[in-house]
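The structure under discussion appears below in the form of structure tokens.
The values are calculated or read from the model by the stated rules, or taken from the named source; none is laboratory data. All figures in this text were calculated on a predicted structure; none of them were measured in a lab. Glycine also receives a Cβ, built like all others from the backbone with ideal geometry; neighbour counts cover every protein chain displayed. Heavy atoms of the whole protein, side chains included, go into the accessibility calculation; ligands, DNA and RNA do not. Shrake-Rupley method; radii C 1.70, N 1.55, O 1.52, S 1.80 Å.
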Amino acid sequence: MLAGAPRPVGFVPTMGALHDGHAELLRRCRAECPTVVASIFVNPLQFGANEDLSRYPRDLRKDQRLLEREGTDVLFAPEAGDLYPEGFSASVDIGPLASVYEGAVRPGHFAGVCTVVLKLFHIVRPDVAYFGQKDAQQLAVIRKMVRDLDLDVGIEAVPIVRAKDGLALSSRNAYLSPEERGEALGLSRGLLRARALFEKGERSPDRLVEAAREKALAYDYLAAVDPATFGAPAPGAPLLLVAVARVGGTRLLDNVLLG
Ligand code: AMP
């Protein structure tokens, strides 16, 4: 796609409805790569039948302004039919990591993510791609795909960008009413409380999980996991607290990396 572009070519894949979390990925990419490519594609393969594909927020004009502001060189914004023409049937399965936690709640989600990211890597041919720590399991899944399939792409993780009140920025926050947003704050509040406890020396995964739990929230899951495998955390190794809560009809993802 970009023969002759100055290397390294950095790539930031997104689903649009861009916010400052995406901007942070672009800034990292801009600082490290002479060529910055972004994609916007609301990937139907990663949405389940009863999910929010049709109402997912879309505003290409506004997104283009943000991309320009952040010095993006190339925007790739294909239509579904460009990536998945009639008869398309491939799917990338990276194994058990794709079927726990987020993968258990959303069967097929990570196969959809891997399939589109692999296609985008083949089209854009980046040297480095940037992913947010916000979607921690997605990051682990992509790293596993790159390793298992010998892809020649570096994967860089960017820390979670939060609003002043602590809520992790997400395109889906647009679904929240003001009351729901207040309720949603419990998610990050709990996780940040657990982080404070970790910083005081607490190392028990169970106690950290309990510290993170907000009574009023309906969690899909709240757990301490190994950040690469999403299995049980090894003693003394970095530990990831992952949480998904349902507020109104919206699923909100958040996590903190400890150690
Ligand atoms: P999305 O458009 O939601 O698919 O996200 C595109 C990329 O931006 C993914 O790598 C996300 O992890 C990342 N991202 C989304 N929100 C944030 C955030 N608040 N902080 C850091 N990265 C984010």
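Among what's in the range 19-40 and is more than 13 Å from Val158 (Cβ to Cβ) and out of contact with any Ser or Thr (no Cβ under 8 Å at 6 or more places or on another chain), pick the residue that is most open to solvent (accessible area, probe 1.4 Å).
Per the stated criteria, the residue is Pro34.
In the range 118-139, how many are surrounded by fewer than 19 Cβ atoms within 10 Å (Cβ to Cβ) and either among the small types (Gly, Ala, Ser) or part of a strand (DSSP E or B) (or both)?
1
Return yes when Arg61 is open to solvent by 70 Å² or more (accessible area, probe 1.4 Å), closer than 24 Å to Ala174 by Cα and either within 13 Å of the ligand (Cβ to nearest atom) or aliphatic (A, V, I, L, M) (or both) and no when it is not.
Judged against the criteria, Arg61 is not a match.
Working only within the range 56-90, note down all residues that are of a type in the set (A, V, I, L, M, F, W, C), under 21 Å from the mean Cα position of the chain (by Cα) and assigned to a loop (DSSP other than H, G, I, E, B).
Across the range 56-90, the qualifying residue is only Ala77.
If you go through the range 48-89, how many residues are small (Gly, Ala, Ser) and under 28 Å from Val36 (Cα atoms)?
The number of residues fulfilling the criteria is 4.
Ala98 passes all but one of (1) surrounded by fewer than 19 Cβ atoms within 10 Å (Cβ to Cβ); (2) of a type in the set (Gly, Ala, Ser); (3) away from the ligand (no atom under 15 Å from the Cβ); which number fails?
(1)
In the range 144-165, how many are in contact (Cβ under 8 Å) with a residue 24 or more places away in the chain, within 12 Å of the ligand (Cβ to nearest atom) and open to solvent by 10 Å² or more (accessible area, probe 1.4 Å)?
Qualifying residue count, the range 144-165: 7.
Can you tell me which residue is surrounded by the most Cβ atoms within 10 Å (Cβ to Cβ) among those in the range 217-248 that are in a strand (DSSP E or B) and small (Gly, Ala, Ser)?
My answer is Ala243.
Output the number of the condition that Leu45 fails; it satisfies all remaining conditions of (1) more than 15 Å from the ligand (Cβ to nearest atom); (2) part of a helix (DSSP H, G or I).
It is condition (1) that Leu45 fails.
Any idea which residue in the range 166-180 is surrounded by the most Cβ atoms within 10 Å (Cβ to Cβ), counting only those that are within 13 Å of the ligand (Cβ to nearest atom) and of a type in the set (A, V, I, L, M, F, W, C)?
Ala168
Going by what's in this entry, would Leu257 be described as touching a residue at least 40 places away in the same chain (Cβ under 8 Å), touching a helix residue (DSSP H, G or I) at 6+ places or on another chain (Cβ under 6 Å) and in a strand (DSSP E or B)?
The answer is no for Leu257.
Can you tell me which residue among Asp82, Asp93, Asp52 is of a type in the set (Asp, Glu) and in contact (Cβ under 8 Å) with a residue 24 or more places away in the chain?
Testing whether each residue is of a type in the set (Asp, Glu) and in contact (Cβ under 8 Å) with a residue 24 or more places away in the chain leaves just Asp52.
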